[in-house]
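First comes the structure, then the notes that go with it.
The values are calculated or read from the model by the stated rules, or taken from the named source; none is laboratory data. Remember, predicted model here, so these are calculated numbers, not experimental data. For neighbour counting, all protein chains shown are included, and Cβ atoms are generated from backbone atoms with ideal geometry for every residue, glycine included. The protein model used for the area step is the full one, side chains on, heavy atoms only, and it has no ligands, DNA or RNA in it. Shrake-Rupley method; radii C 1.70, N 1.55, O 1.52, S 1.80 Å.
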Amino acid sequence: MRILLAKRRALGDTVFLSGTISALAQVEASLEIHVLVPRAFASLLEGHPHIRSIFQYDTGRFRLLRDVRALRFDHFVQLHSSPSQHWLARLSGARQVHFSVQNNETEKAYGKHPSALEWDGFFLRRIFGERLSVPVPEPKIYLSEQEREEGVRIWRSLGVDPGRVVFLGLGASRPTKRWPTQHFARLEIGRAHV
């Protein structure tokens, strides 16, 4: 089965998509997963072991449509609720097209207000059933060895021990997309040197 997961939004949405992809791979080992994300964020998913290919929204409409249609997807899943991108899904040639909606009705269907790690999983259960874990596995960025080495070099050039660097992304457009409070409690920072 060949599936295209489309996520049009921001950096955080693209990172969260990595967990969704991992959850899908656990459900169906033979699943061929492709993604469609903005070019600015595509590199965040490049090393993911379960992604067959990455399409970029910024490719140009006609080329993107041609490339998507060529793969004859079984499912085109738009995981953001922007109707402005429905054209591609409808013209993709996929056997089935699915549009995620995030509103009060979907919250009622899920029985709760999903967190950012739950929205996509709940929606994908419509296709793959209860076998899909919710929440999906924690997001992960798969860096190449070269990227890791470059990061270490940069931090060391700034006089910082790379093993003691912690990044916290505290902002989000709405509460459901913010990092859950309980995750901060699990984070061990150690002694900070200012």
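If amide hydrogens are placed 1.01 Å from N in the peptide plane, which non-local residues have theirs closer than 5 Å to the one on residue 140?
Hits under the 5 Å cutoff: 18, 19.
Once you sort the root eigenvalues of the Cα gyration tensor of the stretch 1-83 as a ≥ b ≥ c, which label holds: rounded (a/c under 1.5), prolate (a/b larger than b/c) or oblate (the other case)?
In terms of gyration-tensor shape, oblate.
So which aspartates and glutamates pass the test for residue 108, namely a Cα distance under 15 Å, with those fewer than 8 places away in the same chain ruled out?
Candidates past the 8-residue exclusion: 118.
Expressed as a rounded percentage, what relative contact order does the chain have, with Cα pairs under 8 Å and six or more residues apart?
Relative contact order comes out at 22 percent.
If the viscosity is 1.567 mPa s and the temperature 4 °C, what translational diffusion coefficient in µm²/s does Stokes-Einstein give for the stretch 37-149 when Rh comes from Kirkwood over Cα pairs?
Translational diffusion coefficient: 81 µm²/s.
Expressed as an acute angle from 0 to 90° and rounded to the nearest 10, what is the orientation of the C-alpha long axis of helix 61-70 relative to the principal long axis of the chain?
Approximately 70 degrees, to the nearest ten.
Rounded to the nearest whole Å², what accessible area per residue is found for the chain with the 1.4 Å probe?
With the other protein chains kept in place, the chain gives 60 Å² per residue.
With angles folded into 0 to 90 degrees, how steeply does helix 119-128 sit against the dominant principal axis of the chain? Use alpha carbons for both and round to 10.
Once rounded, one gets 40 degrees.
log10 I(q)/I(0), Debye, Cα-only the stretch 53-105, no solvent, q = 0.27 Å⁻¹?
Evaluating at q = 0.27 Å⁻¹ gives log10 I(q)/I(0) of -1.17.
Say the dipole of the chain comes from +1 at the beta carbon of Lys and Arg and -1 at that of Asp and Glu; which of 122, 53, 87 then lies farthest toward its positive end?
Highest projection toward the positive end goes to 87.
Which values of log₁₀ I(q)/I(0), to two decimal places, follow from the Debye formula for the chain at q = 0.07, 0.11, 0.12 Å⁻¹ with a uniform point scatterer at every Cα?
The computed values of log10 I(q)/I(0) come out as -0.23, -0.56, -0.66.
Given a 1.4 Å probe and every protein chain left where it sits, what share in percent of the accessible area of the chain is carbon and sulfur?
So the carbon and sulfur contribution to the accessible surface is 51 percent.
Given +1 on the Cβ of Lys and Arg, -1 on the Cβ of Asp and Glu, and no further charges, what dipole in debye does the stretch 44-121 carry about its Cα centre, rounded to the nearest 20?
So the magnitude is around 420 debye.
Given +1 on the Cβ of Lys and Arg, -1 on the Cβ of Asp and Glu, and no further charges, what dipole in debye does the chain carry about its Cα centre, rounded to the nearest 20?
500 debye
Could you tell me the distance between the Cα centroids of the stretch 16-83 and the stretch 117-147, to the nearest Å?
The distance from the Cα centre of the stretch 16-83 to that of the stretch 117-147 comes to 13 Å.
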